[in-house]
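One structure, pasted below without further comment.
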Amino acid sequence: MTWVFWTLIALCFIGSLIGVFVPIIPGALLVWIGFLLYQFGLALPGEGLSASFWWGMGVLTVLIFVADLLANLVFVKKYGGSKWGVVASIAGMVIGPFLFAGPIGFILGPIIAVFLVEWIQNKDLGLSAKIAMGTLAAFLGGGLAKVILQLAMMIWFFIAI
């Protein structure tokens, strides 16, 4: 039975990393499910993961969400985007998967939304395209930050057990 739990934990961890690039998969949640599977399925009573581990994982999870939002804000602004461009980027992340039938919408939605909003505001096709590419850079930068943080969570987990 132990191997079943370890297999499920491994699948959760792998799925969480896939979730960085397929945003419809809740990466941070899968990492937590892996921790909980260990805590309640494998750890002996009284010998599970410590309170400091759980607090640390809470902090790292918050950082994952903050990294996503900050990457969006920083890159869109860096490439010359407006306040409305940032709002469009966030709206595009929400609406994109519905318009483009699936995970690719998480990438295309913000890029197209930012492009359209900036084009309407600036009337400059080149600048609007540059700002929209900033949204792609934000996705990639946020993705890198999430991979690093999720790997840190997994490494900490293996050190803790």
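From the list P97, P103, P110, which one is touching a residue at least 40 places away in the same chain (Cβ under 8 Å) and part of a helix (DSSP H, G or I)? Working first, answer last.
On the way: P103 fails: part of a helix (DSSP H, G or I); P110 fails: touching a residue at least 40 places away in the same chain (Cβ under 8 Å).
P97 is the lone residue from the list that is touching a residue at least 40 places away in the same chain (Cβ under 8 Å) and part of a helix (DSSP H, G or I).
Sticking with this structure for a sec: Can you name the condition, by its number, that I33 falls short on among (1) under 28 Å from L108 (Cβ atoms); (2) touching a Cys at 6+ places or on another chain (Cβ under 6 Å); (3) among the hydrophobic types (A, V, I, L, M, F, W, C)?
Single failed check for I33: (1).
Scan the range 14-26 and give yes if some residue there is among the aliphatic types (A, V, I, L, M), part of a helix (DSSP H, G or I) and touching a residue at least 24 places away in the same chain (Cβ under 8 Å), otherwise no. Let's see the steps before the verdict.
Restricting attention to the range 14-26, the residues satisfying the condition of being among the aliphatic types (A, V, I, L, M) are 14, 17-18, 20, 22, 24-25.
From the residues that got through so far, the ones that are part of a helix (DSSP H, G or I) too are 14, 17-18, 20.
Remaining after also requiring touching a residue at least 24 places away in the same chain (Cβ under 8 Å): 17, 20.
Checked against the condition, which is being among the aliphatic types (A, V, I, L, M), part of a helix (DSSP H, G or I) and touching a residue at least 24 places away in the same chain (Cβ under 8 Å), the range 14-26 yields at least one hit.
Same structure again: Does any residue in the range 122-138 that is closer than 23 Å to D68 by Cβ come within less than 7 Å, Cβ to Cβ, of a residue that is surrounded by fewer than 22 Cβ atoms within 10 Å (Cβ to Cβ) and among the hydroxyl-bearing types (S, T, Y) six or more places away or on a different chain, and which pairs are these?
K130/Y79; I131/Y79; M133/Y79; G134/Y79
Go through (1) at pLDDT below 85; (2) within 16 Å of I25 (Cα to Cα); (3) β-branched (V, I, T) and name the single condition T135 misses.
(2)
If you scan the range 104-132, which residues turn out to be at pLDDT 90 or above and within 14 Å of the chain's Cα centre (by Cα)?
Of everything in the range 104-132, nothing turns out to be at pLDDT 90 or above and within 14 Å of the chain's Cα centre (by Cα).
Of the residues V86, V94, V59, which single one is aliphatic (A, V, I, L, M), at pLDDT below 85 and more than 14 Å from the chain's Cα centre (by Cα)? Explain how you work it out, then say what you get.
Numbers: V94 fails: more than 14 Å from the chain's Cα centre (by Cα); V59 fails: at pLDDT below 85.
Just one listed residue meets the conditions, V86.
The values are calculated or read from the model by the stated rules, or taken from the named source; none is laboratory data. Model, not experiment: these values are computed from the prediction. When we count neighbours, we look across all protein chains shown, and the Cβ atoms used for this are built from the backbone with ideal geometry, even at glycine.
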